[in-house]
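The values are calculated or read from the model by the stated rules, or taken from the named source; none is laboratory data. The model shown is predicted, which means the values in this text are computed figures rather than measured ones. Every residue, glycine among them, receives a Cβ derived from its backbone with ideal geometry; neighbour counts consider all protein chains shown. The accessibility values were calculated without ligands, DNA or RNA, using every heavy atom of the protein model including side chains. Shrake-Rupley method; radii C 1.70, N 1.55, O 1.52, S 1.80 Å.
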Amino acid sequence: LPIYLLPSSLAQAIRTRTRYLPTDDITSAAVFLAAASGVVKLGSEVIASRAADFRVPCNLYCALVGRSGIKKGPLEKLLLEQPLSPIIEDLNRQNARARQDWQDANAGKKPAERSDPPANLRAVVSQFTGEALDAQLSVQELAGLALMIHRDELRGLFGLLNAYRGGQGGDREQLLEAYDGRGSHSLRISADGGSRSYGRCHLTIFGTIQPKVLHALVADGDASGLWARFLFLPFPGHVVELPATETEEEIQASDAAAALLAHTIGQVYRLPRTSLELDPAARACFMAYEGRCQHDAVKAELEAQGAAWSKAPGKVLRLAGLLHLVHRVSPDGEHHELVGPEMIRRACNLTDHLTGWALGLHEAAATGETTDPMRLVHGLAERAGEAIGWRVVLGRLSKRQRLELDSAAARA
């Protein structure tokens, strides 16, 4: 799948870096796209319809889902943290220079005569309060930069919402609005006058979460639509043994792959703000998908599942835009001015795959039983180690699942 999604050089680099991790191609590619989404210039967007003002920023909210101790952290390190590290270091140097310039300009002045110290630019933050996030997004807007919230455990992030407001506040609403790049204009009582204002933002969220914790968080549904905004990336967690020895050639190949991934993210970071539009074929493909999602949202029995389908088209546009940009900066990528139909189809397939997993999650949380056919059939085939037929699948179905899944659906 990464070769289908990404330029072949990037796909090979990702496989080289993750060959000793229990991941799969889909999850690995999605983590790398999340890294790219965190450095796209603020204001970059994908436009589906100007008349309907249907446009989205190129940000993502992602949760890597897997049990504790199955190497989620190393995957984040190789495909997210290390590719982003040169940008973080560059911003740190900029901040240090700005601070030194401020100190030089204010040397010898009385405190009352000094200018305000420069605010630090950030690429990634892990801890924040709603007020601090407002302030930082205001700083990022002035510089035209995106911001990523990266948490090792997303449970900690959601547990802190409104923690500094006595449980009464708009932290959750802040994240809901930031997903669509909306601005904020707020007044609060504080020493600096309490004003926090920005016209738009580009916020990416990435973190990990354990399945049991996630089930508990979604047990009451998704009334606010926060979970519907997330791409849940299931981490397979199968056993991959490390080799007893490694060659110098393998080490060099791994180092070259790491350099290519970091260079690609850096190239995306250096792209100017851009508005991406769909070519006619891509627009027709997307509108057909958007229409299907509307029907699926209306037919969904669970409110959380309907919300997931209603947010799927926006995810497709975001992913298609990111794929387009990654291809644009890769020598062996597909280079087009407009987003083409292939990017839309790839984004639709990836979104459907991940949304299917989320639908099963919500059903399991609501009923205690999942009927996700893709997960069921693939799991049976993997354990069998060979092609399986309908009788094998039928033998594992519960009474309820047999009412919902037939041989045609399993084959599809």
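Summary of computed values
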{"quantity": "LYS41, sole failed condition from (1) farther than 22 Å from GLU241 by Cβ; (2) in contact with a His (Cβ under 6 Å, 6 or more places away or on another chain); (3) of a type outside the set (Ser, Thr, Tyr)", "calculated": "(2)"}
{"quantity": "Residues of segment 162-181 classified as surrounded by 16 or more Cβ atoms within 10 Å (Cβ to Cβ), assigned to a helix (DSSP H, G or I) and either out of contact with any helix residue (DSSP H, G or I) (no Cβ under 9 Å at 6 or more places or on another chain) or at pLDDT below 80 (or both), total", "calculated": "1"}
{"quantity": "Residue count, segment 243-254 (criterion: open to solvent by less than 100 Å² (accessible area, probe 1.4 Å) and not charged (D, E, K, R))", "calculated": "5"}
{"quantity": "One residue from ALA307, ALA384 being aliphatic (A, V, I, L, M) and under 23 Å from GLU290 (Cβ atoms)", "calculated": "ALA307"}
{"quantity": "Inter-residue pairs, beta-carbon under 8 Å, first touching a residue at least 12 places away in the same chain (Cβ under 8 Å) and in segment 245-262, second among the polar types (S, T, N, Q) and open to solvent by 60 Å² or more (accessible area, probe 1.4 Å), 6+ apart", "calculated": "ALA257/GLN12; ALA258/GLN82; LEU261/GLN82; ALA262/GLN82"}
{"quantity": "Residues of segment 13-30 satisfying the condition of being more than 23 Å from GLU250 (Cα to Cα) and modelled with pLDDT of 95 or more", "calculated": "ALA30"}
{"quantity": "Unique residue being modelled with pLDDT of 95 or more and under 30 Å from SER85 (Cβ atoms) when the list is ARG273, ARG292, ARG283", "calculated": "ARG273"}
{"quantity": "Candidates ASP134, ASP101, filtered to the one that is of a type in the set (Asp, Glu) and open to solvent by 50 Å² or more (accessible area, probe 1.4 Å)", "calculated": "ASP101"}
{"quantity": "Checking SER184 against (1) open to solvent by less than 30 Å² (accessible area, probe 1.4 Å); (2) at pLDDT 95 or above; (3) small (Gly, Ala, Ser), the condition it does not meet", "calculated": "(2)"}
{"quantity": "Only one of GLY379, GLY368, GLY389 that is modelled with pLDDT of 80 or more and either at negative phi or open to solvent by 60 Å² or more (accessible area, probe 1.4 Å) (or both)", "calculated": "GLY389"}
{"quantity": "Hits in segment 14-54 (condition: surrounded by fewer than 17 Cβ atoms within 10 Å (Cβ to Cβ) and either assigned to a helix (DSSP H, G or I) or not acidic (Asp, Glu) (or both))", "calculated": "ARG15, ARG19, TYR20, SER49, ARG50, ALA51, ALA52, PHE54"}
{"quantity": "When residues of segment 228-242 are limited to those that are modelled with pLDDT under 90 and either open to solvent by less than 60 Å² (accessible area, probe 1.4 Å) or within 12 Å of LEU361 (Cα to Cα) (or both), the one farthest from the chain's Cα centre (by Cα)", "calculated": "VAL240"}
{"quantity": "Count - residues of segment 110-151 that are farther than 17 Å from ASP180 by Cα and in a strand (DSSP E or B)", "calculated": "4"}
